[in-house]
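Have a look at the structure below, then the notes.
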Amino acid sequence: MTNAMKLKSTLFATLFAGASTVAMAQGVEFATVDTDGDGMLSMDEIKTLLPDVPDDQLVAADANGDGMLDESEYQVLTGG
């Protein structure tokens, strides 16, 4: 199994575990969450919208490991 496949498997398992919490964010536009307008979501911005999402789920959604979520990572997190 490649690293990308392992990452996807881990991400999907983690997201499934917290699906009910993340489901609350479905339909919330990325730009609405991106309160500072920098095109990235800080963990603080995400926690404001989704305070009950476990930190490990946010880390798993951060596919490139930069400590922030871009729009595609946010879409994966929220199932959008």
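The values are calculated or read from the model by the stated rules, or taken from the named source; none is laboratory data. Remember, it's a predicted structure, so these values are computed and weren't measured experimentally. Positions of Cβ are backbone-derived with ideal geometry, glycine not excepted, and every protein chain shown enters the neighbour counts.
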> Is there a residue in the stretch 71-80 that is surrounded by fewer than 18 Cβ atoms within 10 Å (Cβ to Cβ), part of a loop (DSSP other than H, G, I, E, B) and at pLDDT 60 or above?
Replying inline: yes
> Would you pick out the residues in the stretch 51-69 that are in contact (Cβ under 8 Å) with a residue 12 or more places away in the chain and buried (at least 17 other Cβ atoms within 10 Å of the Cβ)?
Replying inline: Val53, Gln57, Leu58, Ala60, Ala61, Met68, Leu69
>> Can you find, within the stretch 29-50, the residue that is surrounded by the fewest Cβ atoms within 10 Å (Cβ to Cβ) among those that are assigned to a loop (DSSP other than H, G, I, E, B), of a type outside the set (Gly, Ala, Ser) and within 12 Å of the chain's Cα centre (by Cα)?
In response: Met40
> Out of all the residues in the stretch 48-80, which are under 10 Å from Phe30 (Cβ atoms) and either in contact with a Pro (Cβ under 6 Å, 6 or more places away or on another chain) or of a type in the set (Ser, Thr, Tyr) (or both)?
Replying inline: Ser72, Tyr74, Thr78
